[in-house]
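Chemist: Please find one structure pasted underneath; my questions will follow.
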Amino acid sequence: MLSDQSLASVQKLLHDDVDFARSRNAPAAVSKPGQLTRTEKLRLGDLLDAYVEMPGQDLKGSTPAEIYKEFYGHIFKSWVSTQTTNLRTALPPRPTHQTRIELGTPQTGGTSQGTRRSYDEMMYGPVFLNMAFDPEEETFAWTWYDGDNNIIKRKNLEVRLPRGTAIKIAKRTAIENYDDIERERITSHNRTQIIGAARRRISKWAQIGPDSRGHIDDEDKLKDGEILPLRLASDVWLKTSRDDADIATSIQSRRVGTAHH
């Protein structure tokens, strides 16, 4: 998300934009930003704000001019106002690989475990970690599987994990994998809602012409809750870890206090 100053700079570009149509026949096929009137561009301002403030949108390295150009680039990418515009799109479900990662096939070699490790590695192959994450309840559940989808018990993990992969490393990898996919899933969905709303407006303006004065129907406005929040597993993990650390400190303090009595 951009700073307030950067957001203001993007909005200033909108108000200072001189690439607009002074007039336009109706109906028309609008295929680029310069075919919109100044009023119509200004009437896209709320969607430009929503685009800039979209959860998960990484715009820190972009200049206001690049962001402004990107916004229109998404609207007119392979699209012209005479095409059918989808009213709404559903959020796609999380794919299986978002919560299940493969840790790979361990490599044999000399270790303190010796023959036992090599035998297990050759017999069982890759290890899979399933992360059942509930962002609302802020809970995590971890289940380990072998290549045949049999559960691996915790006590057997040491000889089953790939060499150099500790349990905490595997969990971190699973959390980062979840976040990468969730960020793209939510950001893509939210962007589609914003761009869809812009296209629906432009399609109507193109049909009616400048006489519409940039009128916006209620169905072409973003509804409350239509832009979804981004709940990352890493954010929840950090929060619950801090809570757990506080609980652990409290327990330790009580134990020390009890021991002194």
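The values are calculated or read from the model by the stated rules, or taken from the named source; none is laboratory data. Keep in mind it's a predicted model, so treat the numbers as computed, not measured. Cβ sites come from the backbone with ideal geometry, for glycine too, and all protein chains shown count toward neighbours.
Chemist: Between a residue in region 32-60 that is buried (at least 20 other Cβ atoms within 10 Å of the Cβ) and any residue that is part of a helix (DSSP H, G or I) and among the aromatic types (F, W, Y), which pairs come within a Cβ distance under 6 Å, given they are 6 or more apart or on different chains?
Modeler: Partner pairs satisfying both residue conditions: P33/Y72; E40/W205; L48/F71; Y51/F71.
Chemist: Here's a follow-up. Residue under question is R255, and the condition is that it be basic (K, R) and in contact (Cβ under 8 Å) with a residue 24 or more places away in the chain; does it hold?
Modeler: No: the conditions fail for R255.
Chemist: Can you tell me which residue among D146, D120 is at pLDDT 90 or above and over 30 Å from A206 (Cβ atoms)? Steps first, answer last, please.
Modeler: On the way: D120 fails: at pLDDT 90 or above.
Every option except D146 fails the conditions.
Chemist: Right, here's the next one. What about R183, is it modelled with pLDDT of 95 or more, more than 22 Å from the chain's Cα centre (by Cα), within 30 Å of T89 (Cβ to Cβ) and not in a loop (DSSP other than H, G, I, E, B)?
Modeler: No.
Chemist: Being under 27 Å from R24 (Cα atoms), in contact with a Pro (Cβ under 8 Å, 6 or more places away or on another chain) and not hydrophobic (A, V, I, L, M, F, W, C) is the filter; apply it to region 192-230 and report the residue that is modelled with the lowest pLDDT.
Modeler: This residue is G209.
Chemist: Between residues in region 177-194 that are in contact (Cβ under 8 Å) with a residue 60 or more places away in the chain and residues that are surrounded by 15 or more Cβ atoms within 10 Å (Cβ to Cβ) and of a type in the set (F, W, Y), which pairs lie under 7 Å by C-beta distance while being six or more apart or on different chains?
Modeler: Listed by first residue and then by second, the contacts come to Y178/F133; I194/Y51.
Chemist: Here is a further query. Examine region 161-173 for a residue that is of a type in the set (K, R) and at pLDDT 95 or above, and state whether such a residue exists.
Modeler: Let us first name the residues in region 161-173 that are of a type in the set (K, R), namely 163, 168, 171-172.
Next, from what is left, pick out any that are at pLDDT 95 or above: 171-172.
Taking every residue of region 161-173 in turn, at least one turns out to be of a type in the set (K, R) and at pLDDT 95 or above.
Chemist: Inspect all residues belonging to region 74-84 and state whether any of them is modelled with pLDDT of 95 or more and in a helix (DSSP H, G or I).
Modeler: yes
Chemist: Right, something else. Determine the pairs where a residue that is without any contact (Cβ under 8 Å) to a residue 60 or more places away in the chain and under 16 Å from T143 (Cβ atoms), located within region 158-174, has a partner that is outside any loop (DSSP other than H, G, I, E, B) and hydroxyl-bearing (S, T, Y) with Cβ atoms under 9 Å apart, the partner being 6 or more residues away or on another chain.
Modeler: Taking only residues 6 or more apart or on different chains, the pairs are R160/Y124.
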